[in-house]
1. Which listed residue (T302, N399, I447) has the Cα farthest towards the positive end of the charge dipole for the chain, taking +1 on Lys and Arg C-beta and -1 on Asp and Glu C-beta about the Cα centre?
2. Solvent-accessible area per residue for segment 327-368 at a 1.4 Å probe radius, Å²?
3. K387: which aspartates and glutamates have alpha carbons under 17 Å from its alpha carbon, excluding same-chain residues fewer than 8 sequence positions away?
4. Over the chain, what is the relative contact order in whole percent, taking alpha-carbon pairs under 8 Å and six or more residues apart?
5. Relative contact order for segment 457-571 using alpha-carbon pairs under 8 Å, separation at least 6, rounded to a whole percent?
6. Using the heavy atoms of the protein chains alone and a 1.4 angstrom probe, what is the accessible area of segment 213-291 per residue in square angstrom?
7. Expressed as a rounded percentage, what relative contact order does segment 118-188 have, with Cα pairs under 8 Å and six or more residues apart?
8. May I ask for the Kirkwood hydrodynamic radius of segment 268-393, worked out over all distinct Cα pairs and given in angstroms to one decimal?
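The values are calculated or read from the model by the stated rules, or taken from the named source; none is laboratory data. These numbers come from a predicted model, not from an experiment. Quick reminder, even Gly has a Cβ in these numbers, built from the backbone with ideal geometry, and neighbours come from all protein chains shown. Areas reflect the complete protein model, heavy atoms only, side chains present, ligands, DNA and RNA absent. Shrake-Rupley method; radii C 1.70, N 1.55, O 1.52, S 1.80 Å.
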Amino acid sequence: MGTVEPQVAQSGDVQEVTDGFHLVIDALKLNGIDTIFGLPGIPITDFTRMAQAAGMRVISFRHEQNAGNAAAIAGFMTQKPGICLTVSAPGFLNGLTALANATVNCFPMILISGSSEREIVDLQQGDYEEMDQLAIAKPLCKAAFRVLHAEDIGVGIARAIRAAVSGRPGGVYLDLPAKLFAQTMDAEAGKKSLIKVVDPAPKQIPGTDAVKRAVDLLKGAKKPLIVLGKGAAYAQADADIRDLIERTGIPYLPMSMAKGLLPDTHEQSAAAARSYVLAEADVVMLVGARLNWLLSHGKGKTWGGTDHKAWGDQKFIQIDISPQEIDSNVRIDAPLVGDIGSCVSALLAAIDSNAGSSWAKPPADWLRAIAERKDKNLAKMAETLAKDPTPMNFHSALNVVRDIIKANPDAILVNEGANALDFTRSIVDMYKPRKRLDVGTWGVMGIGMGFSVAAAVVSGQPVIAIEGDSAFGFSGMEVETLCRYDLPVCVVIFNNNGVYRGTDVNPTGGPDVAPTVFVKGARYDKLMEAFGGVGAHTTTPAELRKAMEEAIRSRKPTLINAVIDEAAGTESGRITSLNPTSGKKK
Ligand code: FYN
Ligand code: ADP
């Protein structure tokens, strides 16, 4: 395994050879990629051993989807493509969900899957794990490539990296047939065939006319608003974004994964007056945020429209790296196409040259009106959080989480569920960029443990995963992975015995429970103890606080079963309206 015997060339000289295994590893390392998230098996088991032997960090999971989610979020956090490695057909398909999710979320990721004999697959003769993986991956990701010859590995990896991180980032599939790994070639020629990608995500500078158009629109606004999306968080232009917001004095609304780009306690944050600002603003600047369902497609009552499809009266500026994003839902009056770093610094320069230090702050009555709404909502929230009901509910439990994050602002918060997601988003303030990782554009369940593993591995910081009991189930087996790598992850399961809540009953009176109900009183904490981690069973905020503080202090993998009122929680949390209602009459 792993070693390639030197071959004797015809001249009698010893010729150093390399092979597909080593060329892939060398190509990744040459491009600064030092971690692989994956799951070994035919035909990539030896590859994982050799990668580890070559000094790469190889993190093995229990299911490929979780490895894929880990790779995707590592890409978001680092701007380097996260690598997920899987076996053929079923392993590939398991990783594909994460690849599609990464693409939808604009996270750079490369799914590398081994594949079976091309000749047999193409003639459909029934190979072990036979599947035309390239064809299946293509419509679900940004780009898909296959490498058939060892001398093309350098180009294949370079194309995959460029496709993942340039322009709008996304998921890339790289198909590596089993035969490729064992192919040999002259070591020197192999080395020369590798490419160190120069400037993988080139800056995209916005046009000066586009910058002027945007500044003119902002300048004339009476009720301006900036919406920060996860593209703004990804861009790592934190200081300039903060500068732009503070120098213009414009109120801003963070989308969920943009929370913490500026501290949520910032006086210009309009998060607690969301409905008001969206409906009332006259000029809205979107920074790395799409007008998709999370922003009601930029129209309807949310935006002050007269009915659910009507456009509001506001004008939009949109900063995005993808020119095709513009006008996708409503008219964009001032598109600013380019990378966020370049666009924001161009805006700052234009603001300087236009107005010097005298850029007029937004009208006081707009700021006052927002402050009034915000103060009212904050006071209402404070009142709810101060209650200490028995049994514990989402609010009293999250009041604890809120304090823990405040005391540990470098900790990363992973969050999934329905109510567990929605309440956490509005209750737990974030203080630093890219610290909140959640279900993203699809609202997908199952990211929890994959994101947690990657967050801990990439950052070395403590991770707190706030999980609905249903959401946790999608990736729960990875608690073994947390223990195996001894990661500082504290999983808190908000256990209310079911999907949304645990109180539904089977209307027939039959022996099966309702489709949304789980085993009552489940002890998820014992799952963690089974693998040597710390389990805690908590029923009060005081117990929860103690267990969380201990987890942060010890940095041991910890799972806290936080029992909450089984009647707490609404159907689908804040998005109940997306459920269709039956029109059937008796
Ligand atoms: C927000 N709010 C606050 C605060 N932050 N009040 C007090 N204090 C703080 N810190 C207020 C805010 O102004 C809103 O009140 C309300 O709380 C809700 O805010 P939120 O959650 O930001 O806004 P809303 O309306 O829920 O946003 C829509 C959404 C969001 C689609 C962006 O619901 C979302 O991100 N959903 C993702 C759901 C998902 O993916 N679920 C997973 C699948 S679950 P008002 O201004 O008074 O309205 C499968 O079933
Ligand atoms: P949110 O869900 O937080 O609203 P979205 O995922 O909808 O955020 O939007 C992110 C947007 O950011 C995408 O349209 C994407 O093209 C854009 N984007 C991602 N990275 C960059 C970047 N570096 N520069 C400019 N735009 C970016």
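1. Checked the options; the winner is T302.
2. Values: 1910 Å² over 42 residues.
Here the residues of segment 327-368 average 45 Å² of exposed surface.
3. D403, E543, D565
4. Details: 1276 pairs, mean separation 66.7, N = 586.
Normalised by residue count, the contact order of the chain is 11 percent.
5. Numbers: 203 pairs, mean separation 38.3, N = 115.
This gives 33 percent for segment 457-571.
6. Details: 2340 Å² over 79 residues.
With the other protein chains kept in place, segment 213-291 gives 30 Å² per residue.
7. Numbers: 78 pairs, mean separation 22.7, N = 71.
Computed over segment 118-188, the figure is 32 percent.
8. Values: mean 1/r = 0.0591 Å⁻¹.
One over the average 1/r among Cα pairs gives 16.9 Å for segment 268-393.
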